Amino acid sequence: MTTILATQAAEARAKGEALIRQADRLLSESWNERMWADGEPIDPSPTFDQAINGGFSWLEIECSRCKTQRDVDLASLPHVPTTFIHDLAGRLRCAKCAKAGRRPTATLRQLAQRPRHTTEPT
């Protein structure tokens, strides 16, 4: 009897985790759609953990000064798991402009499942 209950518990947990992954994926896709429509960081956004769990472990950004686009690996950034993606808007800087002595902020573009641009250090 105990193995039957343990098996049922494992199956229920697996189904629950799959549903949470699907919800996190849909939340990330929804945020991307709102970003495309409004063109600015939307609050609320998914948290780091929600984006990564939903399969969106990259963030596309653009320098507000030189317009260079690049991808940031969310897993490589130091963060609290409950940090919202839109909170990064004021923290990310363009590495290319920093070399020229400027520190413009980066504009958040969208979450992505894989990198599309050259990645430089943040």
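So here's what we get for this one:
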item: Search result, residues across the range 1-33 that are within 25 Å of the chain's Cα centre (by Cα) and of a type in the set (Asp, Glu); result: 17, 24, 29, 33
item: Of the criteria (1) farther than 23 Å from residue 37 by Cα; (2) out of contact with any helix residue (DSSP H, G or I) (no Cβ under 7 Å at 6 or more places or on another chain); (3) at pLDDT 90 or above, which one residue 119 fails; result: (3)
item: Every pair of residues 6+ apart whose Cβ atoms lie under 9 Å, when the first sits in the range 67-84 and is within 16 Å of residue 55 (Cα to Cα) while the second is part of a loop (DSSP other than H, G, I, E, B) and aromatic (Phe, Trp, Tyr); result: 74/56
item: Sole residue being outside any loop (DSSP other than H, G, I, E, B) and within 18 Å of residue 108 (Cβ to Cβ), chosen from 30, 45; result: 30
item: Of all residues in the range 79-93 being of a type outside the set (Lys, Arg) and outside any helix (DSSP H, G or I), the one that is farthest from residue 47 (Cα to Cα); result: 92
item: Some residue of the range 93-109 being of a type in the set (A, V, I, L, M), surrounded by fewer than 17 Cβ atoms within 10 Å (Cβ to Cβ) and touching a residue at least 24 places away in the same chain (Cβ under 8 Å); result: yes
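Residues are listed down the side, and each one gets a yes or a no for (1) surrounded by fewer than 18 Cβ atoms within 10 Å (Cβ to Cβ); (2) under 18 Å from residue 115 (Cβ atoms):
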| position | (1), (2) |
| --- | --- |
| 2 | yes, no |
| 15 | yes, no |
| 51 | no, yes |
| 56 | no, yes |
| 62 | yes, yes |
| 77 | yes, yes |
| 80 | yes, no |
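The values are calculated or read from the model by the stated rules, or taken from the named source; none is laboratory data. As the structure is a prediction and not an experimental result, all values here were calculated from the model. Cβ: placed from backbone, ideal geometry, glycine included. Neighbour counts: every protein chain shown.
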